[in-house]
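Participant: Structure in structure tokens, see below.
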Amino acid sequence: STMRKRKATDSPHSSTDLSEGKEKLRLKQEVGLISGVSLIAGTMIGSGIFMSPEWVLHRMGSPASSLLIWAACGLLATFGALSYAELGTIIKESGGEYIYILRIFGSFPAFLFAYTSVILVRPAGLAAVCLSFAEYAVAPFYPGCSSPQVVVKCTAAACILLLTIINCLNVRLATSIMNIFTAAKLLALLVIVVGGLVLLANGQTQSFQNAFQNTTAGIGAVGVAFYQGLWSYDGWNNLNYVTEELKKPEVTLPRAVMIAIPLVTCLYLLVNVSYLAAMTPSELLSSRAVAVTWGDKVLGSWAWLISLSVALSTFGSSNGTFFSGGRVCYIAAREGHMPDILSMAHVRCLTPSPALLFTSAMSLIMIMSGSFTSIVNFFSFIAWLFYGMTISGLLYLKIKKPELPRSYKVPIIIPIIVLMAAVYLVVAPIIDQPQTEILYIVLFIFSGIILYFPLVHFKRHPRFLQRVTLHLQLLLEVAPTTRDAN
């Protein structure tokens, strides 16, 4: 059958017996509803809402149409997350798109996703967010001039190393930090929202007069505006990467989605209204950092609070990205698509430390090289390519295998809408403005074929790899893990 059946017993690379074979090593189920909401909201609210509004407005041409784009992006993220929630209740394994593609479509497309995500997409996204954090963190030390790139890159690298230590030590520590920073960034957004409401109450509504004037209706412009908006919503699917670490995933997953994403969408809309209340559209378009300009206009001498808030926001977002991104690497290795060492967990901390260390190393390489910018610009292209594949898998299961047990069902029209949006977001930039970078990305994805057949399909592993794995196990104090059989 197309739907791959799970093995009744664990494979040699995915389980081990401790204490004379009686106890099995597995990751802890530490993520409850509050932590789940924090993981989704905390990852989604990064630098995007503080930096992207001017680009959405630039593409759409009018305040009202830009607000419609923000609302539509939130609705699309909600629909995507609700569709993923059903997948998470059918396939109760961590790994997000990777594990769903593997179970539905098989090994080869799942390997291509893991290869692209682990080597390129996740580390690049983490590096970008950490560099955003570094820019805001060091800016107060260089007033009136741009910060030296060496200082920014060193700060970003220090941020990644700190996140590595936190996430390798304890899952609860990582989720606690996520909860704290999510609360801090929500507080910062509430300050902006309240400030905007006060401005509106005082009659500053000039930006909303003739609000649809100069609206751009081109297909290409709308697609690019969606990309800018969806970048700010990225992270809506993060809870599916840690399904095995959720307490009662069949309940926690849909509830966390239904709380977090509408909450973020409402905040984003209100924050954009606040920006437009404080600034005219032309002022907003000329601003390089909208939130900072808003702080200068509204908070005066307290404007430094906004820079601090953006730094806290991006740090919290990078923690969420790191927390979930390391799990993709870990799950792919557990399924035999990455080296075995990456599927292991620390024997005392019970965290996937080798996978986290690998993700950290790849991110540090990208920060040092500084050549990842063009790749990050096309992050949405790769993401929605695989989102579309995953959603088509859900539609296959709903139509062909309705008998599969599931505690939550999404109406079939919702994944159909998400699939249509995914096809549009992948095809629109190719038709409207074809660029060679997209060709390079597609070539990179399919370059995984060179590795898949010898290493995965035919299992031709170099002999020295087993010896290296054993040495790394001793050095890192890690052992193979077992998946949750439920």
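The values are calculated or read from the model by the stated rules, or taken from the named source; none is laboratory data. Owing to the predicted nature of the structure, the values given are computational and were not obtained by experimental measurement. Every residue, glycine as well, gets a Cβ built from its backbone with ideal geometry; the counts of neighbours run over all protein chains shown. Keep in mind that these areas ignore ligands, DNA and RNA; they rest on the heavy atoms of the full protein, side chains included. Shrake-Rupley method; radii C 1.70, N 1.55, O 1.52, S 1.80 Å.
Participant: Filter the cross-link list LYS92/LYS459; LYS92/LYS401; LYS185/LYS409; LYS153/LYS185; LYS248/LYS400; LYS92/LYS398 down to pairs whose alpha-carbon distance in this structure exceeds 21 Å.
Facilitator: Check vs 21 Å cut-off fails for LYS92/LYS459; LYS185/LYS409; LYS153/LYS185; LYS248/LYS400.
Participant: Return the FRET efficiency for the residue pair GLU477, TYR396: r is the Cβ-Cβ distance, R0 is 45 Å, and the value is rounded to the nearest 0.05.
Facilitator: The value I calculate is 0.60.
Participant: Another question, if that's okay. Taking 10 °C and 1.306 mPa s as the conditions, I'd like the Stokes-Einstein D for the stretch 99-230 in µm²/s, using the Kirkwood hydrodynamic radius from alpha carbon pairs.
Facilitator: 81 µm²/s
Participant: A further question follows. Given a 1.4 Å probe and every protein chain left where it sits, what share in percent of the accessible area of the chain is carbon and sulfur?
Facilitator: In the chain, the share of accessible area belonging to carbon and sulfur is 66 percent.
Participant: How long is the gain from MET258 to SER369 if the chain were fully straight, where each residue apart is worth 0.36 nm and the alpha carbon distance is subtracted?
Facilitator: Taking MET258 through SER369 to full extension adds about 36.0 nm, to one decimal.
Participant: Mind checking the stretch 235-299 for trypsin sites (Lys or Arg not before Pro) that DSSP puts in a loop (not H, G, I, E or B) and that have at most 16 other Cβ atoms within 10 Å?
Facilitator: Qualifying residues, ordered by number: LYS247, ARG288.
Participant: Given a Förster radius of 51 Å and the C-beta distance between PHE141 and ALA64 as r, what FRET efficiency does 1/(1 + (r/R0)^6) yield to the nearest 0.05?
Facilitator: Calculated value: 0.80.
Participant: Ok, one more. Express in nm, to one decimal, how much length is gained between HIS457 and GLU437 on full extension, taking 0.36 nm for each residue of separation and deducting their alpha carbon distance.
Facilitator: Fully extending the segment from HIS457 to GLU437 adds 4.2 nm.
Participant: Return a whole-number percent for the relative contact order of the chain, with Cα pairs under 8 Å and 6 or more residues apart as the contact set.
Facilitator: The value is 33 percent.
Participant: Where in the chain is the longest stretch that carries no GluC sites (Glu not before Pro) classed as loop by DSSP and with at most 15 other Cβ atoms within 10 Å? Spell out each step's value before the answer.
Facilitator: Numbers: sites that count: GLU20, GLU403, GLU477.
No qualifying site falls inside 21-402, the longest such stretch.
Participant: Add +1 for every Lys or Arg and -1 for every Asp or Glu among the other residues with Cβ under 12 Å from the Cβ of VAL410, and state the total.
Facilitator: Working: positive: LYS398, ARG406, LYS409; negative: GLU86.
Every neighbour counted, the sum reads +2.
Participant: Moving on to the next point. Extending each Cα 7 Å along its Cβ direction at GLN466 and VAL151, get the distance between those two points in nm, one decimal.
Facilitator: 5.3 nm
Participant: Provide the per residue accessible area, probe 1.4 Å, for the chain, rounded to a whole number of square angstrom.
Facilitator: On the way: 20800 Å² over 486 residues.
Dividing the accessible area of the chain by its residue count gives 43 Å².
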